[in-house]
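Take a look at the structure set out below.
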Amino acid sequence: MNTILRKSVLGIAGLAFTGGVFAGPVAAHAADTTHISKPVSVAVQGDKLIPHGVQGEQSRIDLNDEQTANVKAIIAATKKAGMDERAAVVSIATALQESKLENLGHLGDRNDHDSQGLFQQRPSSGWGTVEQITDPEYSTTAFLKGLKQVDGWQDMPLTKAAQTVQVSAYPDHYAQWEQQAADLVAEHWNK
């Protein structure tokens with residue numbers, strides 16, 4: 001897509017969103033602690049955390065100590081990989097969708113095949129061993145390696161970047177976590 005067309009499409013999407021016409025996905029399987037809310041503010045184009053604003057209604061959950069520790073681990077792994085705050089936002093939003101930032105082991109009958117960890121990565125798909133993908137640093141680094149391979153991920157909507165790495169059956173669901181992920185990165189990046 002050429003630059004002028006892309007800017008036009010993004011501009012129209014932004015106007016539609018601002019006008020309250022744009023509606024996004026809401027997870028049908030969200031936990032009881034999930035709050036759906038309209039975004040309080042739309043980020044401007046130059047914002048490094050949310051460069052294109054958020055898509056659709058946003059979800060938010062209250063985090064416990066384990067989930068907050070996982071946010072900090074994702075941020076640390078992102079910094080270690082030499083990537084910026086936007087990469088951390090994409091990673092945290094992905095983990096919010098996949099596991100609600102809980103480092104999940106095998107869930108028995110409720111498990112999606114052999115998916116485990118923060119990003120619900122699968123050993124059978126080559127993400128690593130169970131021990132590796134349930135290690136927050138390893139699983140984040142594996143996700144970020146996949147993200148680095150997505151040409152232009154920095155300039156695409158979060159949900160498209162996350163979906164390209166994750167190949168989810170629900171590709172649009174990542175978008176609902178962008179504001180909370182950005183808020184968490186803003187809160188913890190410099191700590």
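Label region 67-185 by shape, choosing from rounded, prolate and oblate, from the square roots a ≥ b ≥ c of the eigenvalues of the Cα gyration tensor; if a/c is under 1.5 it is rounded, and otherwise prolate applies when a/b is larger than b/c, oblate when it is not.
Details: a/c = 1.42, a/b = 1.31, b/c = 1.09.
Verdict is rounded for region 67-185.
Ranked from highest to lowest mean number of other Cβ atoms within 10 Å per residue, what is the order of the peptides 120-126, 131-137?
Details: 120-126: 15.9, 131-137: 17.9.
Going from most to least packed, we get 131-137, 120-126.
Each Lys and Arg contributes +1 and each Asp and Glu -1, all at the Cβ; summed about the Cα centre of region 59-172, the dipole is approximately 280 debye.
Of the heavy-atom accessible surface of region 85-191 (probe 1.4 angstrom), what whole percent is carbon and sulfur? Walk me through the numbers before you get to the answer.
Working: 2120 of 4650 Å².
Solvent-exposed carbon and sulfur of region 85-191 make up 45 percent of the total.
Set the Cα radius of gyration of region 127-172 against 2.2 N^0.38 Å, with N its number of residues, and you get 1.21. Counting only protein heavy atoms and a 1.4 Å probe, region 42-184 has 44 square angstrom of accessible area per residue. The chymotrypsin sites (Phe, Trp or Tyr not before Pro) found in region 122-191 include none that occupy coil by DSSP while having at most 10 further C-beta atoms within 10 Å.
The values are calculated or read from the model by the stated rules, or taken from the named source; none is laboratory data. The shown structure was predicted, so the numbers you read here are calculated from the model rather than taken from an experiment. All Cβ positions, even for glycine, are placed from backbone atoms using ideal geometry, and neighbour counts span all protein chains on display. Note: areas computed on protein heavy atoms with side chains; ligands, DNA, RNA excluded. Shrake-Rupley method; radii C 1.70, N 1.55, O 1.52, S 1.80 Å.
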